[in-house]
Amino acid sequence: MITQFLSQMPVLLVVLPLLAAPVCVIVHRAAPAWFIYALISWACFAIAFLLFVQVRIGGPISYILGGWPPPFGIELRLDALNMLVVLLVTGIAAIASIYARASIAAEIPRERAYLFYAALLLCLCGLLGISITGDAFNLFVFLEISSLSSYSLIAMGAKRRALLSAFQYLIMGTIGGTFLLIGIGFLYMMTGSLNMADIADRLPAVSDTRTVEAGLAFIVIGLSLKFALFPLHIWLPNAYTYAPSAVSAFIAATATKVAVYALIRFLFTVFGAAYAFGQLPLGEVLMVLAVVAMLSGSVAAIFQTDVKRLLAWSSVAQMGYIVLGLSMASATGLTAALAHIVNHGIIKGALFMAAGALFWRMRAISINDVAGLGRRMPLTAAAFVVAGLALIGVPATGGFISKWLLLEAVMEDAHYGLAAAILVSSLLSVIYIGRVVEALYFRDPADNDGKTAEAPVSMVAATWVLVGASVALGLYASPLVETAERAAAGLLGSGA
Amino acid sequence: MREHTVLRVVVKLLIAPILIFALYVQFHGDYSPGGGFQAGVIFAAAIILYALIFGLAEARRAVPPGVLRVIGALGVLLYAGTGVYAMLSGGNFLDYDYLAHDAVHGQHYGLLLVEFGVGLTVSSVITSVFYVFAGRGRRREQS
Amino acid sequence: MSLATIADAFFGLFNYWIVIVLMMIGFYIVISHDNLVKKLIGLNLFQTSVFIFYISMGKIAGSTAPILTEGDDAVYAHPLPHVLILTAIVVGVATMALGLALVVRIHEAYGSIEEDDVLAADFETQDSEAATERARQRSAEARQQAGARDDADDGHRAGGERADDGHGDERT
């Protein structure tokens, strides 16, 4: 029984949330639905951890669905790269479960909360599915599952503008998903296979055709829409601003990261670095867009009055860092990108959770609303400061490690301009984080009762767990960096 | 549309064959074109036709939305549960070979159960979508 | 290029032309139309063109439906793209349902489904919010300075009344 359980763990990551979502719908009550979500997300986290160890020791795991061997059937394929992403997603989901209860009780009508948890479970199912599947079409299906559930999660925001932002996200996201579908169709036409490893084997023979090039273009653009690469980021600030706090935290920390993972998977495992970056000038294109994203996102963040919107624009900039890392297609660059996926996921999750806790107290989240809260909500404000420092990239935080790796990668290729862009963008992030911190600590609160009034313990604790994780990853960086290095080596090895 | 006698009679005659046809498509899906998706939509079409002619309130009385919600969820559970049962019997997820004493029967049961789950979910979801959209405008008119 | 090759490019690949034309029509509707329902129709057309692309991809000239019959070795159409597209159609249906549900809610919240009207309403709230925020910022700064002066005078902090605390009422 135990061995059977161990061998079934990969699929359980997807099946548990999938099974739990309808159960949430049947129970129809907020409290049990929350309990189910918490139970499943922690179970998934535990399974992810066990699998991570298993992959670390024994190498990649392949799981065959339905008894059809690959390349005919759907295969789940776990290696160093996607276990990193799975750990991030399940970890954030598990911590969000602690956070969500109080936050959701305050922001979503009680009678609809069960639907919220069902949608959150489906979103988790989709994100984990994208991360572990080894089948290109299956990836599309999971991507749409996660996207559809995140549209509805965003639409649950309290303000009416949440509806229009969800609608815009739906239009952009569906176009992105359909582009991905076209790209996969082109690949299928040329190779006759949907299994990623099998496509990778068959592609070199036909890689000079226009069809494969067009397929690559469609896939890159489709996925870029999903993770909001610079000119395709229009949906992101509104969606993150008006979503319920717990959703902003969860989606900002995971959804875009998983889409980037999918891009890395396609570019390096399926097409191969030599083709995508050697034969085609994709690296240069992505590099330019990444730099523009880094600078424009940071500049836009400075001028926001809403803290959540400020964080959302900062996400646009941070996605730039990740894409810059992967656009160099070097081992160090990829390592930096992967490390930043994890670090930024944790940091942005912590920042949105802190912002959500401030919102919980004030029912509004403009910079003026949070003025002076540093004294009234010391723990939340301190969490925001530490996570903000990590975002800027101050030493002894996770953000420093990945930015340092990125700088190292840039200097390796002697791109001094890029190094300058990274530094400028980091300085800009000092300004926008500084604006919030200034309001928190150096301005008088609007009403001067001077008493401390923290957010619920569960929300503060969840925020601090993420903040602590970010600091821990800054102080003990070697496990993360080492895993990212192994994953990067695996990607470049299979691509060459 | 209550006053249209011809429509009422024709629809009354049609609904039963539509439901039967839906079940035919459902259970012949293993051997011929068809399956849960198609059957579910056809089944929902019968209910929607009923609602169009006899009114939403009548349809809601015949097929209450709360029941649909549960059936829809149960369909997903049936689908995933079949997969989990295969796992518990020693196979991989959705490996139908492990569902019965021999592989051929197992495949048969598996396909039937999974398609039935899909059919339940699709029909109830399509009907729920119709209820929600149709009910929304009506409530606004009343208010 | 001779006439024959041009004709071949058009008629030999006519399924692709259909796909491209449909896709561009759909895309154009999404971009150009203000009405949110029309946008969704365009989106659906856009998706449908991809479905046709997949379906035509699986067709082999002179092939029959891939159904097993006794003692038959006819040429079958490739069933896999068709099955894939069944899944994609379901995704499309779900997207449509969700999109339309959002449009209904938008109509209830804004009283319009023209994107221009909705955006205008949004910009109006945004502008008034921004104005309020600027005013609050100014009054906060003034209070800060007053507080600093008072501190310097007699160590007594001015309470400062709460500035305009309406942050753009949402008409929900």
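What follows draws every value from the coordinates through simple rules; no lab data is involved. These numbers come from a predicted model, not from an experiment. Note: ideal-geometry Cβ built from the backbone for every residue, glycine included; neighbour counts use all protein chains shown.
Points worth noting:
- Across every pair of non-identical alpha carbons in the range A:390-496, the mean reciprocal distance, once inverted, gives a Kirkwood radius of 16.9 Å.
- Over all pairs of different C-alpha atoms, the range C:7-152 has a mean inverse distance whose reciprocal, the Kirkwood radius, equals 20.3 Å.
- Its Cα gyration tensor gives the range B:68-143 an equivalent ellipsoid. The semi-axes, each the square root of 5 times an eigenvalue, are 38, 10, 6 Å from largest down.
- Distance from the alpha carbon centroid of the range C:25-57 to that of the range A:238-267 works out to 25 angstrom.
- Two-decimal Rg/Rh across the protein assembly as shown, once Rg and the Kirkwood Rh are taken from alpha-carbon atoms: 0.98
- Per-residue Cβ neighbour counts within 10 Å put A:Phe303, C:Phe53 in the sequence A:Phe303, C:Phe53, beginning with the fewest.
- Residues whose placed amide H lies under 5 Å from that of B:Gly29, excluding near-sequence neighbours: B:Gly35
- In order through the range C:51-66: 3J(HN,Hα) via Karplus (6.51 cos²θ - 1.76 cosθ + 1.60), integer Hz, x for Gly, Pro: 4, 4, 4, 5, 5, 5, 4, x, 7, 10, 4, x, 8, 9, 5, x
- Angle between chain A longest axis and helix A:398-412 axis [Cα atoms, degrees, rounded to 10]: 40
- Pairs with C-alpha atoms separated by more than 28 Å, drawn from the list A:Lys226/C:Lys39; A:Lys348/C:Lys38; A:Lys308/A:Lys403, are A:Lys348/C:Lys38.
- Relative to its Kirkwood radius, the Cα radius of gyration of the range B:20-88 gives an Rg/Rh of 1.08.
- A:Ile251 sits among other residues whose Cβ lies under 11 Å from its own Cβ, and their net charge, with Lys and Arg +1 and Asp and Glu -1, is +2.
- Mean per-residue shielding of peptide A:174-180 is 6, counting Cβ atoms of other chains within 10 Å of each Cβ.
- For A:Tyr432, net neighbour charge (Lys/Arg +1, Asp/Glu -1) across residues whose Cβ lies under 15 Å away: +2
- Both radii come from the Cα set of the range A:334-397: Rg as radius of gyration, Rh as Kirkwood radius; their ratio Rg/Rh reads 1.06.
- Low-density loop positions, trypsin sites (Lys or Arg not before Pro), the range A:20-108 - DSSP coil, at most 15 other Cβ in 10 Å: A:Arg29
- With N as its number of residues, the range A:1-154 has a Cα radius of gyration that, divided by 2.2 N^0.38 Å, comes to 1.05.
- The range B:84-123 versus the range A:354-402: alpha-carbon centroid distance in Å: 50
- Ordered by the count of other Cβ atoms within 10 Å of each Cβ, fewest first, A:Val307, A:Val55 give A:Val55, A:Val307.
- Measure of compaction for the range A:281-496 (Cα Rg per 2.2 N^0.38 Å): 1.06
- Scattering profile of the range A:84-134 at q = 0.14, 0.20, 0.21 Å⁻¹ [log10 I(q)/I(0), Debye over alpha-carbon scatterers]: -0.41, -0.72, -0.77
- C-alpha center-to-center spacing [the range A:271-328, the range A:75-110] in angstrom: 24
- Mean shadow area of the range B:5-142, taken as a quarter of the surface of its Cα convex hull (nm²): 9.6
- Calculated log₁₀ intensity ratio I(q)/I(0) where the Debye formula runs over C-alpha points of the range C:71-110, q = 0.16, 0.17, 0.19, 0.21 Å⁻¹: -0.58, -0.61, -0.67, -0.72
- Listing B:Ile20, B:Ile48, A:Ile130, A:Ile175 from fewest to most neighbouring C-beta atoms within 10 Å gives B:Ile20, B:Ile48, A:Ile175, A:Ile130.
- Computed lengthening from A:Trp404 to A:Ala453, 0.36 nm per intervening residue step minus Cα-Cα distance: 13.9 nm
- Shielding of peptide A:425-436 by partners, expressed as the average count of other chain Cβ atoms within 10 Å per residue Cβ, is 0.
- At R0 = 25 Å, FRET efficiency that the Cβ-Cβ distance of B:Leu23 and C:Tyr76 yields, to 0.05: 0.35
- With Cα atoms, 0 to 90° folded angle of helix A:416-442 axis to chain A main axis: 30
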